[in-house]
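Nothing in this text is a laboratory measurement; each read-out follows from the coordinates by a stated rule. Predicted model only: the values in this text are computed from it and were never measured. As a convention, Cβ positions derive from the backbone with ideal geometry for all residues, glycine included, and neighbour counts pool all protein chains shown.
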Amino acid sequence: MEILTVENYDEMSAEAANIIAQLLRLKQNAVLGLATGSTPEGLYACLVKMYEEKEIDFEKVTCFNLDEYAGLSPDHPQSYHYYMDRHLFSKVNVKKGNINIPRCGVENIETACRDYDKKIHQSGGIDLQLLGLGLNGHIGFNEPADYLQKDTHLVNLSRETIEANSRFFPTEDDVPRQAITMGVGSIMSAARIMLLASGEKKADAVKQMTCGKVSTHHPASLLQLHRNVLVIIDKEAARLI
Ligand code: GLP
């Protein structure tokens, strides 16, 4: 696990955007695994700027998002479909047909999850998977537990996650209780993983992820087992390591 500590959020975003830009220049038809949350917003803004300045091109890029809330329609302002459209997809030339985000409003969720993993596989696999970090160590929506699921699946959100994500909703009761997430197997199959974390409140999760025991009770610690992980954190998130 390579750790790059930078001064602040803006530097973290710029470093991460440079890495994605390098990949897109080397491989025009790259497959990107994308994440949501507040952390990658700055990165997406940098990518949009690079695209506007004709430094990068998304025409042949394929994207797979990590997760989506169950029970929110794609046009709900807190859905990850809406988030991705707002921060990236509506602002660059990625083709609609190359955008993949787990869908929850489907009749057979299990089949939809299986098809999602199949599609990742058929695309040639994810070249670079972007991740944020939950306060409880979750990646995607893989919550701490005795056992973790390998493939894309429906998950019950933990109390901590509902509470942490309630800042985006009018009240805590409005936060969906379930989500679809890529499993840890789908995430760990990516050729390269880039995790971003910023701010003091992530410091403990960063410490457990980088120096703690590998445990399903801290899903991000499993990244210690991947061959090609880059963690980009700011000074505050790096405070305990
Ligand atoms: C959500 C997402 C995760 C994200 C995490 C951290 O629960 N499912 O993919 O990494 O929150 O979010 P933030 O970046 O807002 O701290």
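Residues in segment 105-123 that are more than 12 Å from HIS153 (Cβ to Cβ) and either buried (at least 16 other Cβ atoms within 10 Å of the Cβ) or of a type in the set (D, E, K, R) (or both): GLU107, ASP115, LYS118, LYS119, ILE120, SER123. Applying the condition of being assigned to a strand (DSSP E or B) and surrounded by 19 or more Cβ atoms within 10 Å (Cβ to Cβ) to segment 3-55 and asking which residue is farthest from the ligand (Cβ to nearest atom) yields VAL31. Whenever a residue of segment 100-126 is under 14 Å from ILE187 (Cβ atoms), its partners that are part of a helix (DSSP H, G or I) and among the aliphatic types (A, V, I, L, M), lying with C-beta atoms within less than 7 angstrom and at least six residues away or across chains, give the pairs ILE126/ILE120. Among residues of segment 56-72 being within 26 Å of GLN178 (Cβ to Cβ) and either among the charged types (D, E, K, R) or out of contact with any Gly (no Cβ under 6 Å at 6 or more places or on another chain) (or both), the one that is surrounded by the fewest Cβ atoms within 10 Å (Cβ to Cβ) is GLY71. Take the residues in segment 129-147 that are surrounded by fewer than 23 Cβ atoms within 10 Å (Cβ to Cβ) and within 16 Å of the ligand (Cβ to nearest atom); name whichever of them is nearest to SER198 (Cα to Cα). Out of the qualifying residues, it is GLY132. A count restricted to segment 87-143 and to residues that are of a type in the set (D, E, K, R) and within 24 Å of GLU160 (Cβ to Cβ) stands at 1. Here GLU68 fulfils each of the conditions (1) within 17 Å of the chain's Cα centre (by Cα); (2) within 16 Å of the ligand (Cβ to nearest atom); (3) within 24 Å of ASN142 (Cα to Cα); (4) without any contact (Cβ under 8 Å) to a residue 60 or more places away in the chain apart from (4).
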